[in-house]
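The values are calculated or read from the model by the stated rules, or taken from the named source; none is laboratory data. The model shown is predicted, which means the values in this text are computed figures rather than measured ones. Quick reminder, even Gly has a Cβ in these numbers, built from the backbone with ideal geometry, and neighbours come from all protein chains shown. For the accessible areas, the whole protein counts, side chains as well, though only heavy atoms, and no ligand, DNA or RNA atoms are used. Shrake-Rupley method; radii C 1.70, N 1.55, O 1.52, S 1.80 Å.
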Amino acid sequence: MSSSEQLFARARQLIPGGVNSPVRAFRSVGGAPFFVKAAHGAMLTTADDRELIDFVGTWGPAIHGHNHPVIRAAIAAALDRGTSFGTPNPLEVEMAELIVRFVPSIQKVRMCNSGTEATMSAIRLARGFTRRDKIIKFSGCYHGHSDSLLIKAGSGALTHGHPDSAGVPASFAAETVVLPFNDRAALDAAFAANPGQIAGVIIEAYCGNVGFIMPDAGYLAYLRDITAQHGAVLIFDEVMTGFRIAKGGVQERESITPDLTCLGKIIGGGLPVGAFGGRADIMDQLAPLGPVYQAGTLSGNPLAMAAGIAALRLLESENPYARLDTLGRRLRDAVLAACKAKGLPAQVPQCGSMFSIFFTATPVRDYATALTGDAQLFARFFHACLERGVYLAPSAYEAGFLSTAHDGVAIERACDILTNAIARL
Ligand SMILES: *Cc1c(COP(=O)(O)O)cnc(C)c1O
């Protein structure tokens with residue numbers, strides 16, 4: 001048995017499914033997950049000493065690659081001063097200043113410990129601010145695992161959602177309206193059907209959790225207008241896209257100003273962090289100033305702040321976005337060319353350092369069209385890449401990520417491997 005197999009056998013006895021987050025279990029591609037004992041730059045080193053070119057990037061945070069020396073030094077320096085104080089600390093202020101400078105719509109910000117906490121708190125804040133209960137989300141968008149947001153679509157666009165998980169009360173799900181992404185008429189209908197009741201709309205402005213999907217031209221502006229018109233809080237969940245699509249996220253690239261923004265992943269520099277922020281008048285409804293309660297024993301933790309500050313400062317000094325887009329396009333073009341040579345229909349949406357590969361002839365613009373991708377073919381492709389030394393996300397419905405550590409050499413090698421894997425499908 002390999003080391004990974006031995007570890008997985010031990011893990012499965014004590015940890016449900018052997019993993020601490022379900023997608024790591026490889027259920028949608030089959031086979032058993034490998035364990036990683038170290039990661040540097042663009043490479044993972046498995047427990048069995050295989051070196052893999054990594055396009056998962058710890059699911060989004062690792063925009064600078066793994067174990068970046070500057071981030072590691074910042075954590076080490078913070079560690080010398082102590083790991084948690086339970087009082088305000090200077091790094092929290094520095095972090096808030098950076099976020100407000102980077103993210104156009106954010107006037108005030110609150111730190112928390114994960115993306116899930118950020119979205120859950122933003123939803124509560126939208127409800128407290130508007131004194132309304134219902135929220136709109138979009139099918140295929142993932143916003144962490146809190147009750148209000150783990151809801152799937154009902155049978156029609158106007159039906160209220162059903163729990164997407166056992167343990168979520170149907171009465172909670174009834175407060176969440178689920179609509180198709182990229183569908184203006186569905187938005188019109190939902191606001192018309194729930195007059196004065198929609199507290200907020202939460203969206204992954206560029207979807208990254210059903211594969212990578214971009215909005216149609218004008219869709220986000222339409223969403224901004226209709227929410228403003230109805231007094232509903234517009235929440236951009238930029239946990240994945242924040243600091244990745246641009247320094248200021250999708251909102252900077254698209255020039256849209258949401259009311260609230262959720263952040264996570266990159267903002268922790270590899271440590272567990274989330275944040276939410278936005279309009280000062282809304283944020284001031286939070287405790288201790290206002291009636292909306294939100295808290296966290298480890299929120300603003302000095303190690304996590306130090307790592308995140310280092311990661312954000314690197315983005316500012318390196319401004320890597322044009323370079324990342326060039327590398328992303330190179331990868332996309334290689335995959336498209338290989339699919340064409342093989343006669344395989346494929347869609348490869350890509351923007352900057354985000355991409356995904358759908359094996360379908362149908363342009364992907366929402367959840368339903370994402371599902372037209374051939375997941376079984378993807379599973380074979382995934383394993384063919386893994387055998388040859390490239391680790392893609394272990395699901396047909398996840399985005400891939402590049403980092404600044406994916407230099408030209410790594411990308412060329414990856415392109416060869418992907419091309420070869422596709423040719424042998
Ligand atoms: C990852 C993610 C979350 C949840 O963040 P966690 O840190 O895993 O809780 C929320 N929203 C989006 C868009 C994400 O990609």
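Is it the case that region 52-67 has a residue that's open to solvent by 30 Å² or more (accessible area, probe 1.4 Å), away from the ligand (no atom under 16 Å from the Cβ) and within 17 Å of Leu312 (Cβ to Cβ)?
No: region 52-67 contains no residue that is open to solvent by 30 Å² or more (accessible area, probe 1.4 Å), away from the ligand (no atom under 16 Å from the Cβ) and within 17 Å of Leu312 (Cβ to Cβ).
Which of the numbered conditions does Ala232 fail, given that it passes all the others? Conditions: (1) within 16 Å of the ligand (Cβ to nearest atom); (2) aliphatic (A, V, I, L, M); (3) more than 15 Å from Pro104 (Cβ to Cβ).
Failing condition for Ala232: (1).
What is the one condition in (1) in contact (Cβ under 8 Å) with a residue 60 or more places away in the chain; (2) open to solvent by 50 Å² or more (accessible area, probe 1.4 Å); (3) more than 16 Å from the ligand (Cβ to nearest atom) that Arg10 does not satisfy?
(1)
Okay, residues lined up against (1) in contact with a Lys or Arg (Cβ under 8 Å, 6 or more places away or on another chain); (2) outside any strand (DSSP E or B):
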residue: Val178; (1), (2): yes, no
residue: Asn182; (1), (2): yes, yes
residue: Ala186; (1), (2): no, yes
residue: Phe191; (1), (2): no, yes
residue: Pro195; (1), (2): no, yes
residue: Ile202; (1), (2): yes, no
residue: Pro215; (1), (2): no, yes
residue: Tyr222; (1), (2): yes, yes
residue: Asp225; (1), (2): no, yes
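Could you list, in sequence order, the residues of region 117-129 that are of a type outside the set (Ser, Thr, Tyr) and either buried (at least 21 other Cβ atoms within 10 Å of the Cβ) or within 16 Å of the ligand (Cβ to nearest atom) (or both)?
Hits for region 117-129 are Glu117, Ala118, Met120, Ala122, Ile123, Arg124, Leu125, Ala126, Phe129.
I'd like the residue in region 347-362 that is open to solvent by 20 Å² or more (accessible area, probe 1.4 Å) and touching a helix residue (DSSP H, G or I) at 6+ places or on another chain (Cβ under 7 Å) and, out of all such residues, is nearest to Leu392 (Cα to Cα).
Ranking the candidates gives Gln350 first.
Filter region 377-399 down to the residues that are charged (D, E, K, R) and crowded, with 18+ Cβ neighbours inside 10 Å and list them by number.
Here is the first cut: in region 377-399, the residues charged (D, E, K, R) are 380, 387-388, 398.
Glu398, the sole residue that qualifies.
Could you please give the count of residues in region 95-116 that are open to solvent by less than 50 Å² (accessible area, probe 1.4 Å) and not hydrophobic (A, V, I, L, M, F, W, C)?
Of the residues in that region, 5 qualify.
When Cys141 is evaluated against the numbered criteria (1) within 13 Å of the ligand (Cβ to nearest atom); (2) open to solvent by 50 Å² or more (accessible area, probe 1.4 Å); (3) not aliphatic (A, V, I, L, M), which criterion, by number, is the only one it fails?
Only one criterion is unmet by Cys141, namely (2).
Among the small types (Gly, Ala, Ser), within 19 Å of the chain's Cα centre (by Cα), open to solvent by 10 Å² or more (accessible area, probe 1.4 Å) and over 30 Å from Ile422 (Cα atoms) - does that describe any residue in region 277-291?
No - not one qualifying residue is present in region 277-291.
Specify which of the listed residues (Leu303, Leu315) is closer than 30 Å to Ala414 by Cα and either in contact (Cβ under 8 Å) with a residue 12 or more places away in the chain or not acidic (Asp, Glu) (or both).
Just one listed residue meets the conditions, Leu315.
Could you list, in sequence order, all residues of region 1-18 that are closer than 14 Å to Asp49 by Cβ and touching a Pro at 6+ places or on another chain (Cβ under 9 Å)?
Correct list: Ser4 only.
Restricting to region 71-94, name every residue that is under 18 Å from Leu314 (Cβ atoms) and buried (at least 17 other Cβ atoms within 10 Å of the Cβ).
Those that are under 18 Å from Leu314 (Cβ atoms) and buried (at least 17 other Cβ atoms within 10 Å of the Cβ): Ile71, Ala74, Ile75, Ala78, Leu91.
How many residues does region 310-343 contain that are over 23 Å from Cys207 (Cβ atoms) and outside any helix (DSSP H, G or I)?
Total meeting the criteria: 2.
Please determine whether any residue of region 238-247 is in the same structural domain as Arg124 (by TED's automatic domain parsing), away from the ligand (no atom under 16 Å from the Cβ) and open to solvent by 20 Å² or more (accessible area, probe 1.4 Å).
The answer is yes; a qualifying residue exists.
I'm checking my understanding of the structure. Among residues of region 253-265 that are more than 11 Å from the ligand (Cβ to nearest atom) and under 18 Å from Phe212 (Cβ atoms), which one is surrounded by the most Cβ atoms within 10 Å (Cβ to Cβ)?
Step by step, filter region 253-265, then rank; the result is Glu254.
Report, by residue number, each residue of region 1-41 that is in a loop (DSSP other than H, G, I, E, B) and not aliphatic (A, V, I, L, M).
Pass one, region 1-41, residues in a loop (DSSP other than H, G, I, E, B): 1-2, 15, 19-21, 26-35.
Ser2, Asn20, Ser21, Phe26, Arg27, Ser28, Gly30, Gly31, Pro33, Phe34, Phe35, listed by residue number.
Kindly indicate whether Val250 is under 22 Å from the mean Cα position of the chain (by Cα), modelled with pLDDT of 95 or more and part of a helix (DSSP H, G or I).
Against the criterion (under 22 Å from the mean Cα position of the chain (by Cα), modelled with pLDDT of 95 or more and part of a helix (DSSP H, G or I)), Val250 qualifies.
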